[in-house]
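Here's the structure, in structure tokens; my notes come after.
The values are calculated or read from the model by the stated rules, or taken from the named source; none is laboratory data. This is a predicted model, so every value here is computed, not measured. Here the Cβ positions follow ideal geometry from the backbone for every residue, glycine too, while neighbour counts run over all protein chains shown. Only protein heavy atoms, including side chains, enter the accessible area calculation; ligands, DNA and RNA are left aside. Shrake-Rupley method; radii C 1.70, N 1.55, O 1.52, S 1.80 Å.
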Amino acid sequence: MTVGSEQKAVSSEKTGEKPMTKSILFWLLATVLLTTASPAVAQQAKKVPRIGFLSASSPSVISARLEAFRQGLRELGYVEGKNIVIEWRSAEGKADRLPALAAELVRLKVDIIITGGPPATRAAKEATVTIPIVMTQDTDPVGNGFVASLARPGGNITGLATLRPEIRGKQLELLKEVIPKLSRVAVFGTSTAPGNAQSLKEIELVAKAFGVQLQYLDVLGPKDIETAFRAASKERAEAVLMMVAGTVAGAHRTEITDLAVKSRLPVIYPGRPSVEAGGLMTYGVNLNDLDRRAATYVDKILKGAKPADLPVEQPKKFELIINLKAAKQIGLTIPPNVLARADKVIK
């Protein structure tokens, strides 16, 4: 050891200092790098979620429902374009376009796909088994093969269902109240639709209790609509209970309400849009409420919940809407006691 090195060693011993090793230098450098990188890490943690909304109907047809969904997001602190991005995709009434639109959302790597009805849910299901799918409404999620059960969905799909077969019986009761001498009712349904048979059973039970004769008419596509009205008139039906929904009802809503007026037949519809388009009355699930509640699923999934563990919820709100203008067109007077119970009266 040289004199210089001896002096350095003595100096270190006297001051209590230890020679700086390579390992200490490495950890100091790592600390500096982590401190410098922290803003970028924080920025990545605040990544804005991107969700897709897939619907068979055009936005103008379901505008109220879309706004209800946005409202639900806002209530939970999500503002479109600010802290959440929504990719809107519509098949514009052409269900065959849904698979391509669903595939597009998958390519965009959205965090969640929201579906506006069974056809859209099926397209999304076929496009992905990993991206969470939230149904805003479905007539029969189990029957459609989307979930294993309402309580335990078991896959990548969950959301809200509209299945309440007892509503159909209530609709027939309302027709009987509006037309006390009602004895013949035509039921327009779609035999291939899940839940159709169960709903028909509910109607038959009420019809038997009231002594009402039913005429079931199958509407499988647009071409069957006018045929059904002609058949109902031929058999002297006094009213129509409309179970037809989905893209057929949505894309041909005006045609259906016009035919009802032309046939001078009181029709009770499954939902609000038909009555707002000129139909007589509806008693059914408040679809806007379901779309608003769908936002809660988005929130839970973005916070780490798995669709398989989130139970499918059923309707909580129902509504009775009456269109007095439509009643006047067919020469029908709505009893005051029925009007008094309406959630909305269109004049």
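Of the residues making up the stretch 233-248, those that are under 29 Å from the mean Cα position of the chain (by Cα) and open to solvent by 30 Å² or more (accessible area, probe 1.4 Å) are A245, G246, T247.
Checking the condition charged (D, E, K, R) and either under 28 Å from A91 (Cβ atoms) or in contact with a helix residue (DSSP H, G or I) (Cβ under 7 Å, 6 or more places away or on another chain) (or both), which residue from E204, E238, E255 passes?
Details: E204 fails: either under 28 Å from A91 (Cβ atoms) or in contact with a helix residue (DSSP H, G or I) (Cβ under 7 Å, 6 or more places away or on another chain) (or both); E238 fails: either under 28 Å from A91 (Cβ atoms) or in contact with a helix residue (DSSP H, G or I) (Cβ under 7 Å, 6 or more places away or on another chain) (or both).
Of the residues listed, the single one that is charged (D, E, K, R) and either under 28 Å from A91 (Cβ atoms) or in contact with a helix residue (DSSP H, G or I) (Cβ under 7 Å, 6 or more places away or on another chain) (or both) is E255.
The residues in the stretch 57-104 that are more than 23 Å from I131 (Cα to Cα) and touching a Phe, Trp or Tyr at 6+ places or on another chain (Cβ under 8 Å) can be counted, and the count is 1. Of all the listed residues (I131, I167), the sole one being outside any loop (DSSP other than H, G, I, E, B) and at negative phi is I167. Candidates are the residues of the stretch 233-259 that are of a type in the set (G, A, S) and part of a helix (DSSP H, G or I); the one that is modelled with the lowest pLDDT is G246.
Restricting attention to the stretch 108-159, which residues are among the aliphatic types (A, V, I, L, M), in contact (Cβ under 8 Å) with a residue 40 or more places away in the chain, open to solvent by 40 Å² or more (accessible area, probe 1.4 Å) and under 24 Å from M243 (Cβ atoms)?
Going residue by residue through the stretch 108-159, those that are among the aliphatic types (A, V, I, L, M) are 108, 110, 112-114, 120, 123-124, 127, 129, 131, 133-135, 142, 147-148, 150-151, 157.
Checking which are in contact (Cβ under 8 Å) with a residue 40 or more places away in the chain leaves us with 108, 110, 112-114, 120, 123-124, 133-135, 147, 150-151, 157.
So of that shortlist, the ones also open to solvent by 40 Å² or more (accessible area, probe 1.4 Å) come out as 108, 150-151.
L150, the sole residue that qualifies.
Out of P266, P270, one residue alone is at pLDDT 95 or above, open to solvent by less than 50 Å² (accessible area, probe 1.4 Å), out of contact with any His (no Cβ under 9 Å at 6 or more places or on another chain) and under 16 Å from R168 (Cα atoms). It is P266. Among residues of the stretch 197-232 being among the aliphatic types (A, V, I, L, M), part of a helix (DSSP H, G or I) and within 27 Å of the chain's Cα centre (by Cα), the one that is surrounded by the most Cβ atoms within 10 Å (Cβ to Cβ) is I203.
Restricting attention to the stretch 82-107, the residues that are in a loop (DSSP other than H, G, I, E, B) and either under 25 Å from T162 (Cβ atoms) or open to solvent by less than 70 Å² (accessible area, probe 1.4 Å) (or both) add up to 5. I'd like to know if the stretch 287-301 contains one or more residues that are assigned to a loop (DSSP other than H, G, I, E, B), at negative phi and not hydroxyl-bearing (S, T, Y). Checked against the condition, which is being assigned to a loop (DSSP other than H, G, I, E, B), at negative phi and not hydroxyl-bearing (S, T, Y), the stretch 287-301 yields no hits at all.
Out of all the residues in the stretch 170-196, which are part of a loop (DSSP other than H, G, I, E, B), closer than 25 Å to G116 by Cβ and without any contact (Cβ under 8 Å) to a residue 60 or more places away in the chain?
Taking the stretch 170-196 as the starting set, the residues that turn out to be part of a loop (DSSP other than H, G, I, E, B) are 179-183, 190-195.
Those left that are additionally closer than 25 Å to G116 by Cβ: 190-195.
Correct list: T190, S191, T192, A193, G195.
Taken across the stretch 106-113, residues that are farther than 14 Å from D299 by Cβ and within 17 Å of the chain's Cα centre (by Cα) do occur, with at least one present.
Give Q43, Q71 a once-over and let me know the one that is at pLDDT below 50, assigned to a helix (DSSP H, G or I) and not acidic (D, E).
The conditions single out Q43.
Given the structure, is I322 under 17 Å from A249 (Cα atoms), hydrophobic (A, V, I, L, M, F, W, C) and part of a strand (DSSP E or B)? So I322 fails the test.
For the stretch 249-256, check the following and say yes or no: at least one residue is within 23 Å of the chain's Cα centre (by Cα), among the basic types (K, R), within 26 Å of I330 (Cβ to Cβ) and open to solvent by less than 60 Å² (accessible area, probe 1.4 Å). Give the derivation first.
Residues of the stretch 249-256 that are within 23 Å of the chain's Cα centre (by Cα), as a first pass: 249-254.
Checking which are among the basic types (K, R) leaves us with 253.
From the residues that got through so far, the ones that are within 26 Å of I330 (Cβ to Cβ) too are 253.
Filter once more, so that each one left must be open to solvent by less than 60 Å² (accessible area, probe 1.4 Å): 253.
Scanning the stretch 249-256, I find at least one residue that is within 23 Å of the chain's Cα centre (by Cα), among the basic types (K, R), within 26 Å of I330 (Cβ to Cβ) and open to solvent by less than 60 Å² (accessible area, probe 1.4 Å), so the answer is yes.
Considering S63, S38, S55, the condition of being polar (S, T, N, Q), more than 24 Å from T162 (Cα to Cα) and either modelled with pLDDT of 95 or more or open to solvent by less than 80 Å² (accessible area, probe 1.4 Å) (or both) is satisfied by S38 alone.
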